[in-house]
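Visitor: Before I ask anything, here is the structure I am working with.
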Amino acid sequence: MKKYLFSTISILGIVTLLLSACGSQSATPVPAATSVPLSEVIAEGKIRPALASNLSFQAGGIVEEVSVKTGDTVKQGDVLVRLADAGAAEAQVVMAKNAYDLLLRNAKGDQAMLWQVYLDAQKARGKVEKKWEDLNLDDIKDRIDNANNEIDDRKLELKKKQENFDKYKDLSEEDSKRKNAEDDLETAQENLNESMRKLESIERERDEVRAALDSALGVEAEAKYQYEITQNGPNADQLALAKANLDAAQDGLDGYVLTAPFDGVIADVNVTVGEQVGPETRAVSVADFRLWIVETTDLTELEVVKISEGEPVSMTVDALPDIKLDGLVSDISGSSVLQGGDVIYTVRVRVDKIDPRVRWGMTVEATFLLPKK
């Protein structure tokens, strides 16, 4: 269907010129031309469901199963058609999803476990902290000072005994003076060793508790850190990798299984079981027939500027001339195409009500009712 747009003034001008050219010749009656009011713009378009999709496989293969027929109602995610190689791809998706879900489940279990570890660390730190608080550090310091003084005395005594032994060390080992001096030296060394062990024992009373407290504080701090980082979920890198693997597996499956992209009705099934298909084959068409739109195909740049969103549109269907449709301009494309030397823009019209006889792709004449100026 071609589109005609003339103004009454233009038609009259042409008629006047023709009459003038005839001069003195006898006037020939001119048939009256039907003009389109200046307040209208007429365009041709195609009608289609507002939500519709022609589905094709991303990979090639043999059709193994066709689960739907034309007219069936489907829900988003329903399997429509499967290829023979879908089984391996589905197994990959299951494995990837299990790995991803396991990571999420483990994260929750780890969080609970780490919370318990943190509580236990708090209790352990509290017990050791109580021991440290119960220590009489002043008494320990006094005892350490006394032990150090005793060690100094023992060292002085050992020095004297060493000097006395040096006097007799060259004598025979059987000499009584040498033996007595050697015995005294050994006793002085044992006394010094005992005093040093006593000092170490006193210091351990303090240092062991202090070390235990420092260790408990460190364990508690690490337990708190490990618990807090689980508040943001599982390890981000691990989760991202698992999600990427799942997405990749799903993309692989999409190449062998077609599913409904939305709730709708099967408009056409173009494949059969056993058929070889590829990405170029339109396998299934699915649409939501509750809402329809018309897309114009021949509005020029001179006409589209006269149209605004929200304006009313009256439409007729070429194949069904008795059907009249009404609608509103929903949107106007921001880009254009070059067609036969004209710059063409697409205008979309939302159809208010649809006759059940109207089919996807039928040609429509749309009359845009422009506001009078």
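Read-outs throughout are calculated quantities, based only on the coordinates presented, and are distinct from any laboratory measurement. Fair warning: this is a prediction, and the values are worked out from it, not measured in the lab. Note that we place each Cβ from the backbone using ideal geometry, even for glycine, and neighbour counts take in every protein chain shown.
Visitor: How long is the gain from residue 116 to residue 247 if the chain were fully straight, where each residue apart is worth 0.36 nm and the alpha carbon distance is subtracted?
Guide: Values: separation 131, 0.36 × 131 = 47.16 nm, distance 3.46 nm.
The span from residue 116 to residue 247 would gain 43.7 nm if fully extended.
Visitor: Residue 167: which aspartates and glutamates have alpha carbons under 20 Å from its alpha carbon, excluding same-chain residues fewer than 8 sequence positions away?
Guide: 157, 175, 182, 183, 184, 186
Visitor: Separation between the residue 142 and residue 155 pseudo-spin-labels, each 7 Å from Cα along Cα→Cβ, expressed in nm?
Guide: That separation, rounded to one decimal, is 2.5 nm.
Visitor: What ranking do 59-71, 280-292 get when scored by the average of other Cβ atoms within 10 Å per residue, highest first? Could the numbers behind the result be given before it?
Guide: On the way: 59-71: 14.6, 280-292: 17.4.
Highest to lowest by the protection proxy: 280-292, 59-71.
Visitor: Separate question: Using +1 on the beta carbon of Lys and Arg, -1 on that of Asp and Glu, and nothing else charged, what's the dipole of the stretch 53-179 about the Cα centre, debye to 20?
Guide: Working: 23 positive and 26 negative charges, 45 e Å.
The dipole magnitude comes to about 220 debye.
Visitor: Could you work out how much longer the chain between residue 65 and residue 101 gets when fully extended? Use 0.36 nm per residue separation minus the Cα distance between them, nm to one decimal. Don't skip to the end; give the middle numbers.
Guide: On the way: separation 36, 0.36 × 36 = 12.96 nm, distance 2.93 nm.
Roughly 10.0 nm would be gained on extension.
Visitor: At a Förster radius of 25 Å, what calculated FRET efficiency corresponds to the Cβ-Cβ distance of residue 166 and residue 190, to the nearest 0.05? Working shown, then result.
Guide: Values: r = 19 Å, r/R0 = 0.75.
Here the calculated transfer efficiency is 0.85.
Visitor: Now for a separate question. What nm distance separates the two modelled labels at residue 129 and residue 324, each placed 7 Å from Cα along Cα→Cβ?
Guide: My value for the distance between the label points is 8.6 nm.
Visitor: Something else: Quick one: which residues, 5 or more positions from residue 311 or on another chain, have an amide H under 5 Å from its amide H? H modelled 1.01 Å from N in the peptide plane, none for Pro or chain starts.
Guide: 329
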